[in-house]
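A short worksheet on the structure shown next.
The values are calculated or read from the model by the stated rules, or taken from the named source; none is laboratory data. In this text, all values refer to a predicted model and were calculated from it rather than measured experimentally. Using ideal geometry, Cβ is built from the backbone for each residue, glycine included, and neighbour counts are taken over all protein chains shown.
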Amino acid sequence: MKNKNYIEKNNWWNNVDKFILIPTFILLLVGIISISSITHHFSSRFYFSSELLLKKHLIFCITGIIIVLTLSQLSLKNLIFVSFFLFFVGITLTLCTIFFFPETKGASRWIKLFSFSFQPSELLKPSFIIISSVLLGRYKLKNDYSIYLNIFLLIVISSLLIIQPDFGMFILVFVAWLIQMVTSRLKLKIILPILFSFLLVSSLCFFTLEHVKFRILNFFFSDIGDNYQITKSLNSFENGGFFGKGLGEGSIAKNLPDVHSDFIFALIGEEFGSFSAIIILTMYLIMYARAHLISQRSNNFFIISSLTGLSNILMFQVIINVSSALNIIPTKGMTLPFISYGGSSFISSSIIIGFMLLLAKESKNA
């Protein structure tokens, strides 16, 4: 009987949370189908062969699956160790992008080797959430300097992201982190100065970063700048209707320069229709709701803070991408997790899901 209980407790499939894992694989499959639809259209635009985009995306998918399966089997102790390692690697490599690698589209975010490029700041999203949870737990227990170290690390990350610049990533990380602070019930005398500083820095970015200023003004005043991408995106949803034109039949979305990454939701809207787009959003909502349901049942502050923080940062990225495609917010170059083409984002999202599955397993076994 003991051996049977031991086997069940250590069986990965029995312990893994299906409400997080299965939607992830469904989204991954949607991404493969969407990228395959784009592939032949891109062959006339770029120097590489029509199959290369799909082949690279499949490599990202395989890598992502390995990351999810590996991380989901770690212990909480190893989770913290891996997070600190990824954080310092991310900081170091992000510094390298600023000082040693050339700009691409006016930003220093990527390390380029051969035909691959990597955005190391993506490693900071999941790792910082975990480190912040560790420091918050220590502060609530000991009421020591931990909160100031937490704020210092946020300042370091924010400074690097603004210098690159990557204003969207800065907003994403800060909002997820701030919600961690608020839900931890920190005193207002700590939260209010942080919020005021954020508003001040955001205002300075508006006046000093031309692309930030342009996108915000362009959103509110349509006569400023070119609205080609957002117009095509909205036309794609209109052309797709409720059930879509069919796989490979999208004609409007494929004219978008960033349809494979930032505007892939427009392609989904045109080829698969609004009905399928709603189903895809439901997959994200299932993962998000499941993470929060598990955290509500847990008595472990670290699990609660980490799980909600990771699900928040993943969901906020979805909201930013979809809202940009629908012209609800100013456009921002941010991918749709597990669907858009992009190795850095795919790896980051895989780490987030791997961590979430690990935390869900630990909550169940606690």
| query | Does Ser344 qualify as being more than 21 Å from Ile280 (Cβ to Cβ), in a helix (DSSP H, G or I) and in contact (Cβ under 8 Å) with a residue 60 or more places away in the chain? | reply | yes
| query | Which is touching a Phe, Trp or Tyr at 6+ places or on another chain (Cβ under 7 Å), part of a helix (DSSP H, G or I) and either modelled with pLDDT of 95 or more or buried (at least 20 other Cβ atoms within 10 Å of the Cβ) (or both), of Ser127, Ser121? | reply | Ser127
| remark: Quick count over the stretch 326-366, residues being out of contact with any Asp or Glu (no Cβ under 8 Å at 6 or more places or on another chain) and of a type in the set (Gly, Ala, Ser), is 7
| Within the stretch 269-306, how many residues are buried (at least 19 other Cβ atoms within 10 Å of the Cβ), assigned to a helix (DSSP H, G or I) and more than 19 Å from the chain's Cα centre (by Cα)? | 9
| task | Tally the residues that are out of contact with any Gly (no Cβ under 6 Å at 6 or more places or on another chain) and either modelled with pLDDT of 95 or more or part of a loop (DSSP other than H, G, I, E, B) (or both), restricting the search to the stretch 324-341. | result | 11
| field | Checklist (1) in a helix (DSSP H, G or I); (2) surrounded by 15 or more Cβ atoms within 10 Å (Cβ to Cβ); (3) not charged (D, E, K, R) applied to Cys96, failing item | value | (2)
| said: Here's a check for you: in the stretch 81-91, which residue that is in contact (Cβ under 8 Å) with a residue 24 or more places away in the chain and more than 30 Å from Phe19 (Cβ to Cβ) is surrounded by the most Cβ atoms within 10 Å (Cβ to Cβ)? | reply: Ile91
| field | helices (runs of 4 or more DSSP H) fully within the stretch 1-80 counting 1 or more residues that are surrounded by 12 or more Cβ atoms within 10 Å (Cβ to Cβ), among the hydroxyl-bearing types (Ser, Thr, Tyr) and at pLDDT below 90 | value | 18-42
| note | When (1) of a type in the set (Val, Ile, Thr); (2) surrounded by fewer than 21 Cβ atoms within 10 Å (Cβ to Cβ); (3) more than 30 Å from Glu210 (Cα to Cα) are applied to Ile353, the one that fails is (2)
